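For reference, the structure is listed below as structure tokens.
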Ligand code: NAD
């Protein structure tokens, strides 16, 4: 039997069957995860529905519970981080940051208020707008930041008074299952249920009649399926989907100063971040020095097993994703692009792909137009900043983007023209727990984090009281 169990109605539950989880650093199965049956999912939904009645009543208790969750997470961070590195591939130091990041998100969310707006209060009457929970939230997460992205959903959903049934990606179920196990003693039974299984389990959740809201993070293709699955029942949805972020580097920057930030903006987590830099547009006057700086960094980075303390970049998380990166870089190569570094899978075990910089490439090539979600960065040139903005916007994606310049006001003016949820100036990937995060266009519907993210787990009720 698997040492990892699901959490249903406050109890550890083995799966009806199990499936293997691969360590991407070796390419071999290292643990088994439970496979949730339809009947077990029904049990989790029933438990969440029952628990909702009491959980919705006491806001202060919910706040306190989130704080206790943060403490429990910190107390077991070492154990969680090791599991995360083994199933996801990221370096242990980054995995540890992800766990502590989860604790920070819980604490910040616990401090948010659920406002009551008073629209009228006079001799005729009082009109208040209150925010009420939906009921049972179905939450579905991807494999790049399994723990943190689960908490982005669990924390605000629970604070608002909802109960949750959450399913992690089949590539990375273990840290989330462990989270469930750790929080079983902290969160009342039925309030937070963690189930694991394949994609079909996600489809069962998004069409389950008990679910009132689906909160999803993952690809655009799956996001569209979820929107369709939610429609017959008019379930509310929040969709945090893919991105193809452009970073636009103006001619006035110091290449030495920005190169490191640009590199890690693109290659952190081996490029497997929704809002990583995925297309780099550099002014032609500084194109050469920027490319040289980036090449030096790419060649010096240490790639390896995340459990090795020297490792800066881990493997790609899974085989299909590795094959996708191989395909996109090969396509660019065939189109005549120049591969400056990497451009190939590392020989030996595991899903390692060398950090890859690609020049001599234009818009219209798949590596530029599609989301690569891996360690391969196309670097393009521009002459005119307005033209670069137009090229950055010529896409269905709209998650985030950045402008790099010494002229901060110009940077802000240009970033505000980007058609995306977050515009950064002189930084990328600066995501904080109190600011809303979400995408325009195909990159999503709705927002997570901070007061806006909390509001997304509530619906309004107007309380209109006559006086006199
Ligand atoms: P994915 O869409 O393949 O899978 C995400 C989750 O959805 C998994 O748990 C999966 O099992 C489940 N799923 C698959 N098919 C389903 C269906 N028909 N119905 C319901 N659930 C289903 O995505 P992925 O490959 O795990 O993650 C990578 C993608 O996620 C990238 O596109 C990335 O940009 C995006 N992402 C977005 C954000 C954001 O906040 N915008 C954050 C991280 C990742």
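Nothing in this text is a laboratory measurement; each read-out follows from the coordinates by a stated rule. As the structure is a computational prediction, the values presented were derived from the model and not from experiment. Don't worry about glycine lacking a Cβ; one is built from the backbone with ideal geometry, like all the others, and counts go over all protein chains shown.
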Can you tell me the FRET efficiency between residue 307 and residue 119 if r is taken as the Cβ-Cβ distance and R0 is 45 Å, rounded to the nearest 0.05? 0.20
Please give the Cα centre distance for segment 277-307 versus segment 428-464, rounded to the nearest Å. 32
Given the C-alpha atoms of segment 245-433, compute the convex hull and give its volume per residue in Å³. 119
What fraction of the DSSP beta bridges in segment 6-240 is antiparallel, stated in percent and rounded to the nearest 5? 45
Roughly what % antiparallel, to the nearest 5, for the DSSP beta bridges in the chain? 45
At 7 Å along the Cα-to-beta-carbon direction for both residue 50 and residue 346, put a label point, then send me their distance in nm to one decimal. 5.0
At q = 0.06, 0.11, 0.13 Å⁻¹, what log₁₀ I(q)/I(0) does the chain have when each alpha carbon counts as one equal point scatterer in the Debye sum? -0.27, -0.88, -1.17
Please pull out the direction-averaged projected area of segment 126-200, using the convex hull of its alpha-carbon atoms, in nm² to one decimal place. 6.0
Please report the relative contact order for segment 245-433, taking Cα pairs under 8 Å with a sequence separation of at least 6, and give it as a percent rounded to a whole number. 27
Pairwise label distance in nanometres, residue 464 with residue 407, each label 7 Å out on the Cα-Cβ vector: 5.2
So what's the back-of-envelope 222 nm ellipticity for the chain, counting only DSSP H runs of four-plus at -39500 (n - 2.57) apiece and dividing by all residues, rounded to 500? -12000 deg cm²/dmol
Work out, step by step, the length gained on full extension between residue 366 and residue 79: first 0.36 nm times the residue separation, then minus their alpha carbon distance; give nm to one decimal. 99.3 nm
If r is the Cβ-Cβ distance from residue 37 to residue 416 and R0 is 41 Å, what FRET efficiency results, to the nearest 0.05? 0.25
Mean projected area (nm²) from the convex hull of Cα positions in segment 1-122 is 10.8
Can you give the angle from 0 to 90° between the axis of helix 174-183 and the longest principal axis of the chain, with both taken from C-alpha atoms, to the nearest 10? 30
Output the Kirkwood hydrodynamic radius of segment 159-302, Cα pairs only, in Å rounded to one decimal. 18.5
Report the FRET efficiency, 1/(1 + (r/R0)^6), for residue 260 and residue 17, where r is their Cβ-Cβ distance and R0 is 51 Å, rounded to 0.05. 0.65
How high is the relative contact order of segment 298-369, in percent, with contacts defined as C-alpha pairs under 8 Å that are six or more residues apart? 29
Subtracting the Cα-Cα distance of residue 299 and residue 29 from 0.36 nm times their residue separation yields 94.2 nm
Calculated Rg and Dmax of segment 6-240 using C-alpha coordinates, Å: 18.0, 72
